[in-house]
1. Scanning the range 32-56 for residues that are surrounded by fewer than 23 Cβ atoms within 10 Å (Cβ to Cβ), among the hydrophobic types (A, V, I, L, M, F, W, C) and modelled with pLDDT of 95 or more, which turns out nearest to L198 (Cα to Cα)?
2. Looking at the range 71-96 only, could you name the residues that are charged (D, E, K, R) and more than 18 Å from A11 (Cα to Cα)?
3. Could you say whether any residue in the range 67-87 is of a type in the set (S, T, Y), out of contact with any Ser or Thr (no Cβ under 7 Å at 6 or more places or on another chain), crowded, with 18+ Cβ neighbours inside 10 Å and not in a helix (DSSP H, G or I)?
4. If H119 satisfies every condition in (1) assigned to a helix (DSSP H, G or I); (2) over 21 Å from L184 (Cβ atoms); (3) touching a residue at least 24 places away in the same chain (Cβ under 8 Å) but one, which is the exception?
Amino acid sequence: MNPRTQLLCGAAAGPLFLFVVLVQDYTRPGFNPRIHPLSLLSLGELGWIQVLNFVGAGVLNLCYARGLWKRLQGRVASIGAPLCIGVYGLALIVVGLFPTDPTGGFPPGSIAPDTPSWHGVVHALGALFVFIPLAVSLAMFWRLFRRERQRGWATYASLSGIIVVALFLGGVSGPLRLARMLRLATLIGWMAPSMVALKLVPARQEGGLHSAKQRRAC
């Protein structure tokens, strides 16, 4: 898989994940996106859809990390950004494979446990390794674009990272706000690296010209 395709995997990861979640928001019986965290979609008879959504997004971001490493060689954040995106991708796979516990009456008929299950604890810890590396990667992108004097992209990356951290901390500090805050953090956070990936995708013409120069040099 060439770097261009790997970066396109990253560009698709965020929108595809959010689209699958949006469809489930209004098709899963008993699910209310205003009060239920999206992780609950991994539970119930149709929970496999969201499990695959988490794992698929994780795999796409792992491909993105490799393409990012190749694309940024010799540039600022050439190690930090791919590493953070890679950890983010691995954490998405973990939270998909280790589902959270039922809560808030979802899935219908379920009873919330008095104490978190072992897989619920793994899921919660995994969430930290989703949002924190994601926010750090956005800081890396800010540094990259600032160094290259692309102020619009630098501002977008920095503001996205700040908002993600604020929403994540605000969500975990108040159970009643958890679903809405984390959902907004997911919307902003998942889209930002995908937009950066699309920005960094090299043009086909660029690759063709590079190959032509190599052929002439030979």
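The values are calculated or read from the model by the stated rules, or taken from the named source; none is laboratory data. Bear in mind that the values here come from a model prediction, so they are computed numbers and not experimental data. Glycine also receives a Cβ, built like all others from the backbone with ideal geometry; neighbour counts cover every protein chain displayed.
1. V55
2. The one that is charged (D, E, K, R) and more than 18 Å from A11 (Cα to Cα): R75.
3. At the first step, the residues of the range 67-87 found to be of a type in the set (S, T, Y) are 78.
Still in the list and also out of contact with any Ser or Thr (no Cβ under 7 Å at 6 or more places or on another chain): 78.
Next cut, crowded, with 18+ Cβ neighbours inside 10 Å only: none.
So far as the range 67-87 goes, no, none of its residues is of a type in the set (S, T, Y), out of contact with any Ser or Thr (no Cβ under 7 Å at 6 or more places or on another chain), crowded, with 18+ Cβ neighbours inside 10 Å and not in a helix (DSSP H, G or I).
4. Going through (1) assigned to a helix (DSSP H, G or I); (2) over 21 Å from L184 (Cβ atoms); (3) touching a residue at least 24 places away in the same chain (Cβ under 8 Å) one by one, H119 breaks only (3).
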